[in-house]
Amino acid sequence: MGAAIRPQRRDLIIYIAIGASVPAAMMAWVYLVPQRFWVHVARTWFAFIFFTVFLGIFLVKLYWPHRKMAKLWLLLGLLMAIHTAAYIIFLRHVHQWPALWYVFTMPIEGMLFALIVKICLNVLPSNRGRF
């Protein structure tokens, strides 16, 4: 029988496979799917989606050590839902919102979320949060 692959090497192989398959799938999409089926998203909405996902990842990383607290994730989910609804209402009225503004507003929102979590649940974010 062959030698077993060490977990680190196996993980590296998986990461390389994922890293190679995502661009390959994107290239296949571009060449194989007609352009009329592509989703056309305005630049303003793309920036909103991108920075909202970034904010969500930041919050998960910030509170990862407290991942077993269901109330924490419910509160963060509620805050993200309020964030999304407020931005959708705002962006429907303001058609040109420069993406650069998110660089200033998202850190403020992240710290506002941390303050609300501290007040409601008395949980501080970890400075050593890891995945």
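Just so it is clear, none of the values below were taken in a lab; they were calculated from the coordinates. Note that this is a predicted model, so its numbers are computed, not measured. Backbone-built Cβ (ideal geometry, glycine too); neighbour counts: all protein chains shown.
From zero outward in steps of 5 Å, how is the percent of C-alpha pairs of the chain spread across the bins?
2, 8, 13, 14, 13, 13, 15, 11, 6, 3, 1, 1, 0, 0
With springs only between Cα atoms under 10 Å apart, run a GNM on the chain and tell me which of H93, H83, H66 wobbles the most.
Evaluated over the chain, the most mobile residue of the options is H93.
Along each of the three principal axes of the Cα atoms of region 74-131, give the extent in whole Å, ordering the values from largest to smallest.
Per principal axis, max minus min of the Cα coordinates gives 37, 21, 21 Å.
At most 13 other Cβ atoms within 10 Å plus a DSSP loop assignment makes a site exposed; report the longest stretch of the chain without any exposed trypsin sites (Lys or Arg not before Pro). Working shown, then result.
Values: sites that count: R67, K68, R128, R130.
No qualifying site falls inside 1-66, the longest such stretch.
Rounded to a whole number, what is D in µm²/s for region 51-92 from Stokes-Einstein with the Kirkwood radius over alpha-carbon pairs (25 °C, 0.890 mPa s)?
Value of D from the Cα-based Kirkwood radius: 223 µm²/s.
At 222 nm, what value in deg cm²/dmol follows for the chain if DSSP H runs of at least 4 each add -39500 (n - 2.57) and the sum is divided by all its residues, to the nearest 500?
Computed mean residue ellipticity for the chain: -25000 deg cm²/dmol.
Pick from L115, L55, L12: which is most flexible by mean-square fluctuation in a GNM of the chain where alpha carbon atoms under 10 Å apart are linked?
L12
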